[in-house]
Amino acid sequence: MNQLIRSLESADIEPSAFRSVMRHIAGAIGVVMASAGAIRAGLTTTSLTAAPTEPSSALICVNRSASAWPVIP
């Protein structure tokens, strides 16, 4: 499966659109994907919280023993 992966900059997401998306999260479950060079990693999280909308941000909690931890900036 080929996927296009790119980083989102805060300018890519309008604050009003970010707030709208965060309002529709029924439960705090999220998918986090990260890459560092050629290494890609992902995980699901049950601790996802909206943070300030300028820049658009989300707060996640990741256990340091998770295999994705070294890849997440």
Residue pairs meeting the criteria (Cβ under 8 Å; at least 6 apart or on separate chains; first surrounded by fewer than 13 Cβ atoms within 10 Å (Cβ to Cβ) and of a type in the set (D, E, K, R), in the stretch 40-52; second assigned to a strand (DSSP E or B) and at pLDDT below 85): none
State all residues of the stretch 1-20 that are among the polar types (S, T, N, Q), modelled with pLDDT of 80 or more and surrounded by 12 or more Cβ atoms within 10 Å (Cβ to Cβ); if no residue qualifies, say none. none
Looking only at the stretch 59-70, filter to residues that are aliphatic (A, V, I, L, M) and either on the phi > 0 side of the Ramachandran plot or in a loop (DSSP other than H, G, I, E, B) (or both); which one of those is modelled with the lowest pLDDT? Val62
Can you confirm whether Ser56 is surrounded by 13 or more Cβ atoms within 10 Å (Cβ to Cβ), more than 10 Å from the chain's Cα centre (by Cα), of a type outside the set (A, V, I, L, M) and at pLDDT below 85? yes
Which of the residues spanning the stretch 21-53 are in a loop (DSSP other than H, G, I, E, B), modelled with pLDDT of 85 or more and either on the phi > 0 side of the Ramachandran plot or not hydrophobic (A, V, I, L, M, F, W, C) (or both)? Gly37
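The values are calculated or read from the model by the stated rules, or taken from the named source; none is laboratory data. Small disclaimer: the values here were computed from a predicted structure and weren't measured. Virtual Cβ from ideal backbone geometry, glycine too; neighbours counted across all protein chains shown.
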